[in-house]
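What follows is calculated from the coordinates using simple rules that are stated; it is not laboratory data. Predicted model only: the values in this text are computed from it and were never measured. Backbone-built Cβ (ideal geometry, glycine too); neighbour counts: all protein chains shown.
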Amino acid sequence: MKMALLSNFQVIADNIVYFMVGRWPAGPLGGVGLTLYLAVASCILSFFGGLILGLLSVSKRKWISWPTMLVINTIRGVPLLMVIFWMYFLLPALFGKTITETRTVILGLTFFTSAYMSQIVRAGIEGIPKGQMEAAISTGLKHWQAMVYIILPQGLRNMIPSFVNQFVSLIKDTSLAFIVGVSELTHVATQINNRTMAFPTEIFFFIAVVYFIICYAFTSLSRTLEKRLEWRKAI
Amino acid sequence: MLSYTFDWSVITSGQYHDWLVSGLKVTLQLSLAGIILSFLLGLIVAVMRMSHLKLFRWSACVFLEFTRNTPLLVQIFFWYFGSYKLLPTAVNEWLNNTGFEFAAGLIALTIYTSAFIAEDIRSGVLSIPKEQMEAAQSSGFSYLRSMQYIILPQAVRITIPPLVNQFLNLAKNSSLAMTIGVMELTYQARQVESYTFKGFEAFTAATLVYLAISVVITFLVDQYNDRVLKIHKGA
């Protein structure tokens, strides 16, 4: 059984370019390339989304912080798949025109991940000693200035490992784009599986390994950063 | 969008209502069976991860890293499409006759969740002072028995909140099982949408159900923290 399994990895070798970049450069980008594009684009967008939601959620004004927390907790209580379906539905209705599947997924991932990023931002801000804010305000800065110039720069540095972890989750979550037909790695794998029929074990094991290599690299990076931060804090 | 007429009766009674309710039942079955199985598997992995034997420690590490750094969707596909090559023929036949979709979904969800549970249990055990283990062993317990009678009962007590949260994650993640045809809540919501074009109503219903599950679980965890562990929010 094992021998048969190994010999069938030919199917991977035959389709390796398709796995990596889809029909690019002749056609649109797909495979691993598109997976990374989806992850990076949504990561950048949801960094800002998370920053805004996070800042709003630590606001002292209840009428700002309370509805923000409601939005955050609502998103966190719903499966990502549901969020993507909602986007698929609502975006065309809101914009009055069709949105490409890729953009729909990026917006869905951004919306979902922003809620989780906001909790990282919130924890980062709350982790800075209160004295910092008091000192900043007593030197004449306004509350928002103290936040932007004093608290956030220190907090953001502590948040970096958590952001990297969130990026890993995002890479894994891009596989859900398969459901609305975006040809990222998982979708490409199902296509090749449907075409070749005989090698599902090899194909899905292979893409699991590909995801693993990418995600594990970032997980290790996050661990290294965490250690370095601890070392910095210790001195 | 403006010409859309809401028709909530679609989901409050009749055939489509029944579909959604049966979907909720499957979601709950999947989550309940999943949490029990993944707790058992997670417990084994956690004990192996902390074992003195290098072989156990290593295999647990490989399992944890691989499961946590690959997308759940890919794992579901691997078990659904690819497991027939790994399992004996008799098992395959039995599975095919008893609804393989549910079993494959359950296997994938169990394995994925068990990795997170193992880490929760491990951090629970690490929070128990070392002296407990030393005392247990010096009074004649073997490593495994000290774990069983002394360390784990204490660790499980503080691991319950993260475990319950894993149940919530499991309930949300089980939505991915729709991709292999498990007729759970999200599957049924989509089904109602394609039969009636009342997607807005169907997805609202499903979203509210997921939110209700998450509200109930968050409430229970808060109560447990407050009453049993005496951790008070905001204190």
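Is there a residue being farther than 24 Å from A:I106 by Cα, touching a residue at least 24 places away in the same chain (Cβ under 8 Å) and part of a helix (DSSP H, G or I) anywhere in the range A:26-39?
Looking through the range A:26-39, none of the residues is farther than 24 Å from A:I106 by Cα, touching a residue at least 24 places away in the same chain (Cβ under 8 Å) and part of a helix (DSSP H, G or I).
Of (1) assigned to a loop (DSSP other than H, G, I, E, B); (2) touching a helix residue (DSSP H, G or I) at 6+ places or on another chain (Cβ under 6 Å); (3) surrounded by fewer than 20 Cβ atoms within 10 Å (Cβ to Cβ), B:L37 satisfies all except one. Which?
Answer for B:L37: the failing condition is (1).
Within the group B:L86, B:L55, which residue is within 12 Å of chain A (Cβ to nearest Cβ) and over 23 Å from the mean Cα position of the chain (by Cα)?
B:L86
Of the numbered conditions (1) under 26 Å from A:L90 (Cβ atoms); (2) of a type in the set (S, T, N, Q); (3) not in a helix (DSSP H, G or I), B:T70 fails exactly one; give the number of that condition.
(1)
Suppose the filter is more than 14 Å from chain A (Cβ to nearest Cβ), among the aromatic types (F, W, Y) and within 24 Å of the chain's Cα centre (by Cα); does B:F102 pass it?
Values: more than 14 Å from chain A (Cβ to nearest Cβ): yes; among the aromatic types (F, W, Y): yes; within 24 Å of the chain's Cα centre (by Cα): yes.
Answer is yes for this residue.
So, in the range B:178-192, of the ones that are more than 10 Å from every other protein chain (Cβ to nearest Cβ), aliphatic (A, V, I, L, M) and part of a helix (DSSP H, G or I), which residue ends up nearest to B:Y80 (Cα to Cα)?
Checking each candidate, the answer is B:I180.
State which residue is nearest to the other protein chains (Cβ to nearest Cβ) when the search covers only the range B:193-227 and only residues that are under 21 Å from B:S174 (Cβ atoms) and polar (S, T, N, Q).
Per the stated criteria, the residue is B:S214.
Looking at the range A:52-101, which of the residues that are of a type in the set (D, E, K, R) and surrounded by fewer than 14 Cβ atoms within 10 Å (Cβ to Cβ) is farthest from the other protein chains (Cβ to nearest Cβ)?
Among those that are of a type in the set (D, E, K, R) and surrounded by fewer than 14 Cβ atoms within 10 Å (Cβ to Cβ), it is A:R61.
Could you check, for the range A:14-23, whether at least one of its residues is part of a helix (DSSP H, G or I), in contact with a strand residue (DSSP E or B) (Cβ under 8 Å, 6 or more places away or on another chain) and more than 27 Å from A:I150 (Cβ to Cβ)?
Yes, that holds for at least one residue.
Among residues belonging to the range A:163-208 that are outside any helix (DSSP H, G or I) and surrounded by fewer than 20 Cβ atoms within 10 Å (Cβ to Cβ), point out the one that is farthest from the other protein chains (Cβ to nearest Cβ).
It comes out as A:G181.
Which condition does B:N69 not pass, out of (1) within 14 Å of chain A (Cβ to nearest Cβ); (2) touching a residue at least 24 places away in the same chain (Cβ under 8 Å), if it passes all the others?
Just one mismatch for B:N69, condition (2).
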